[in-house]
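Scroll down for the structure; my scribbles are underneath it.
Read-outs: derived from the displayed coordinates by stated rules, not from any lab. From a predicted model like this one, the values you see are computed outputs, not experimental measurements. All Cβ positions, even for glycine, are placed from backbone atoms using ideal geometry, and neighbour counts span all protein chains on display.
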Amino acid sequence: MNLITLLKQTTSTSLDSLYQVKIQPDQVLVNATKPEFEGDYTIVLFAFVKQLGKNPEQVGNDLGNAMQKALPSIITKFNIVKGFLNFTISNDYWLEFIKNLSPNELMPAIKHKRKIMVEYSSPNTNKPLHLGHLRNNFLGWSIAEILKLQGNEVVKTCIVNDRGIHICKSMIAWHLFASGATPESSHKKGDHFVGDYYVKYNDAYKAQVAELVAGGMMQETAEKEAPILKGAQEMLLKWEQGDAATLDLWKKMNAWVYEGFEVTYKKIGSDFFKTYYESNTYLLGKELVEEGLTKKVFYQKEDSSVWIDLTPDGLDEKIVRRKDGTSVYMTQDIGLAQLKQKEFNTDASIYVVGDEQNYHFKVLKLICQKLKQPAADGIYHLSYGMVELPTGKMKSREGTVVDADDLVDEMINISKEKTEALGKVSDFTKEQLTELYNTIGLGALKFFLLRVDPKKKMIFNPEESIDFHGFTGPFIQYTHARIKSILRKTGTAVSITPNELLPLEKQLAIELSTFPEVVNEAADNLDPSKLAIYTFNLAKLFNTFYAEHSISNAESEVKKQLRIQLGILTAATLQKAMSALGIAVPEQM
RNA sequence: GGUUCGGUAGCUCAGCUGGAUAGAGCGUCAUCCUUCUAAGAUGAGGGCCAUUGGUUCGAAUCCAAUCCGAAUCACCA
């Protein structure tokens with residue numbers, strides 16, 4: 001059992017036997033003691049002094065004595081400052097902890113394992129990936145790894161948005177302006193090539209609207225009448241009717257995009273167990289509309305469109321089938337949720353989607369619940385904030401985006417420059433160097449995007465390059481490499497014997513002991529930033545320790561053994577935590 | 001207008017299930033490589049925690065109102 005839980009329980013039982021008062025262990029607040037006071041853990045007494053009708057000094061003394069008696073091998077002493085009861089934990093307890101912790105078993109599996117689907121990435125096939133997609137991909141990958149670390153089975157999926165009017169826009173632009181050009185002929189990555197035509201469409205559209213307005217047309221009418229828009233709409237219609245030429249063009253252009261995506265995904269390390277294509281799923285959910293009507297969850301208006309009334313739940317009315325019988329986005333999503341449930345039978349399904357769709361997912365879950373879909377309660381939306389530029393939102397069609405490929409390449413280049421300037425890896429082969437640059441560059445980028453609370457929007461300034469010092473991926477990678485360097489010299493065979501613990505040694509042990517809780521917290525909140533912060537704190541603490549105490553040149557052999565073990569455990573914990581963020585840690589850098 | 005989310009150091013962010021003197025990183029200034037990797041460490045400076053009121057022994061944290069910003073409330077996806 002972990003120490004904090006033990007302290008809470010013992011507090012509860014001690015108070016019961018002292019005063020015959022029932023206080024649940026959950027109600028007991030146990031904190032790490034502030035450094036300026038003596039002790040390791042603090043129980044806040046105010047919470048129950050009132051209930052007991054005694055002064056804090058009295059309660060603190062009684063409780064302190066009772067707890068020390070109950071846990072003689074753990075609590076060595078206690079003191080009371082105002083309403084705070086500070087316990088000092090015995091060195092033996094921490095020594096045992098350090099001795100028994102295995103680098104291969106840092107994370108005990110949780111009791112209730114689940115099968116969880118994580119859907120992430122969801123690209124559109126009319127443009128290349130940008131910085132916002134990177135946030136999505138890193139979050140999705142990381143939350144999947146965190147859930148796996150807990151012992152869950154995870155299925156990663158992706159839904160590709162490969163049809164619709166926006167796809168037809170780049171198609172019509174290619175049709176009109178490309179005169180047969182291909183990614184090969186223009187030496188471009190396929191997704192970028194197609195994305196260029198999406199921008200070209202938009203430019204042409206704007207020009208046409210302006211022209212119509214200049215000719216005396218109302219702005220609003222012009223926006224509907226622009227010939228290129230008409231062309232795109234016509235293409236969509238043809239696509240839906242299965243027109244062979246249109247489908248050929250669609251397939252050709254999508255294939256270009258997939259080829260480009262594959263390169264990017266490989267580089268950033270995203271993968272999927274199954275990929276769904278909207279062109280296959282956009283008709284799903286039709287039977288569910290019928291079912292909903294029978295169950296009276298949905299109702300039909302005079303024009304025969306079908307709706308659900310969510311006003312009793314504090315939301316609005318929502319359409320689920322148009323009057324022409326076609327389904328809407330929501331209907332598809334309900335259908336897809338049902339399909340995924342049939343195929344994988346998961347306990348929970350996490351959708352990694354931007355916060356602009358908060359409302360959509362609230363409604364989706366609610367409708368699924370009302371339809372009594374088996375997976376309904378397990379729907380979670382990992383909602384993340386947009387990545388914005390100092391000038392505002394990124395817009396693909398305006399071309400004001402930070403391109404994913406460009407940014408990744410830039411990060412790798414910077415890591416190359418910095419590594420070369422430091423000159424610490426002269427013994428590396430060319431392949432090893434390439435791998436190292438990738439590891440560090442991507443590490444910096446991933447950490448940068450994962451270290452903040454997902455639900456907060458973030459501003460990225462392309463003028464300021466992403467840092468390699470301080471609260472960053474490379475800092476943690478560096479700490480890991482440094483420990484490994486020491487361990488290469490000292491060896492890793494250790495035997496821990498009784499020993500006095502210095503404050504920093506104890507602090508390291510305490511920090512290491514909280515790893516499982518942090519993983520669980522990150523998983524429960526779908527928030528990898530909790531782990532990122534933890535790795536930083538651990539690395540920072542180790543660096544302080546490193547500057548203060550020598551490992552290979554320790555005061556005594558006993559100390560050396562102890563510190564080697566602390567080094568092993570710290571390196572392993574950093575490696576585990578970082579890999580759950582999708583970041584590799586090098587042996588040397 | 002309704003709903004939701006946010007406002008903490010010059011900048012980027014932690015802390016938010018109420019607890020001791022509000023913490024990091026970057027940037028600024030100063031110190032530390034003949035001893036395990038200086039992508040490091042140590043220290044200084046920097047704060048009406050948006051505003052006002054309330055609850056409480058105790059509020060950055062909870063409640064209410066106000067101000068500012070964002071998203072959303074599509075027969076778009």
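Hydrophobic, long helices, defined as DSSP H runs whose alpha-carbon span along the helix axis is 30 Å or greater and whose mean Kyte-Doolittle value is at least -1.0, occur in chain A at A:190-214, A:244-268, A:557-579. Counting only Cα atoms, the size of the stretch A:266-308 along its three principal axes is 53, 20, 15 Å, in decreasing order. Sorting the segments A:175-182, A:162-169 by their residues' average number of neighbouring beta-carbon atoms within 10 angstrom, most packed first, yields A:162-169, A:175-182.
Globularity index of the stretch A:266-377 is 1.13 (Cα radius of gyration / 2.2 N^0.38 Å, N = number of residues). Note on the stretch A:3-89: Kirkwood radius taken over Cα pairs, Stokes-Einstein applied at 25 °C and 0.890 mPa s, translational D equal to 196 µm² s⁻¹. In chain A, the C-alpha radius of gyration followed by the widest Cα-Cα span (Dmax) gives 29.4, 92 angstrom. For the stretch A:245-350, chymotrypsin sites (Phe, Trp or Tyr not before Pro) are listed when DSSP marks them as loop and at most 15 other Cβ atoms sit within 10 Å of their Cβ; the list is A:PHE273. The protection proxy used here, the mean number of other Cβ atoms lying within 10 Å of each residue, ranks peptides A:425-433, A:315-323 as follows, highest first: A:315-323, A:425-433. Loop-located trypsin sites (Lys or Arg not before Pro) across the stretch A:360-414 with a Cβ neighbour count of 14 or fewer within 10 Å are A:LYS372, A:LYS393, with loop assigned by DSSP. Expressed as a whole percent, the proportion of Cα-Cα pairs in the stretch A:431-470 lying more than 13 Å apart is 61%.
Evaluated with a Cβ-only charge set (Lys, Arg +1; Asp, Glu -1), chain A carries a dipole of roughly 1000 debye about its Cα centre, given to the nearest 20.
Taking 0.36 nm per residue of separation and subtracting the Cα-Cα distance, full extension of the segment from A:ALA214 to A:ALA554 would add 114.1 nm. Only DSSP H runs of four or more residues enter the estimate; each adds -39500 (n - 2.57), and after division by the residues of chain A the mean residue ellipticity at 222 nm equals -17500 deg cm²/dmol. Max-minus-min Cα coordinates of the stretch A:164-272 on each principal axis give 52, 28, 28 Å, with the largest extent listed first. Taking the Cα centre of the stretch A:480-562 as reference, the dipole from Cβ charges on Lys and Arg (+1) and Asp and Glu (-1) amounts to some 480 debye. Dipole of chain A computed with +1 at Lys/Arg Cβ and -1 at Asp/Glu Cβ about the Cα centre; of A:VAL408, A:LEU29, A:ALA547, farthest Cα towards the positive end is A:LEU29. Spatially, the stretch A:49-65 and the stretch A:500-518 are offset by 29 Å when compared through their Cα centroids.
Computed from point charges on the beta carbon alone (+1 for Lys and Arg, -1 for Asp and Glu), the dipole magnitude for the stretch A:421-579 about its Cα centre is near 220 Debye. The stretch A:387-413 and the stretch A:176-243 have Cα centres spaced 23 Å apart. The distance between label points at A:HIS112 and A:SER17 comes to 3.2 nm (points 7 Å beyond Cα on the Cα→Cβ vector). Placing unit charges on each Cβ (+1 for Lys and Arg, -1 for Asp and Glu) gives the stretch A:164-272 a dipole about its Cα centre, and among A:THR221, A:TYR205, A:TRP174 the Cα reaching farthest toward its positive end belongs to A:TRP174.
Ranked from largest, the principal axis spans of the Cα set of the stretch A:421-579 equal 51, 42, 23 Å.
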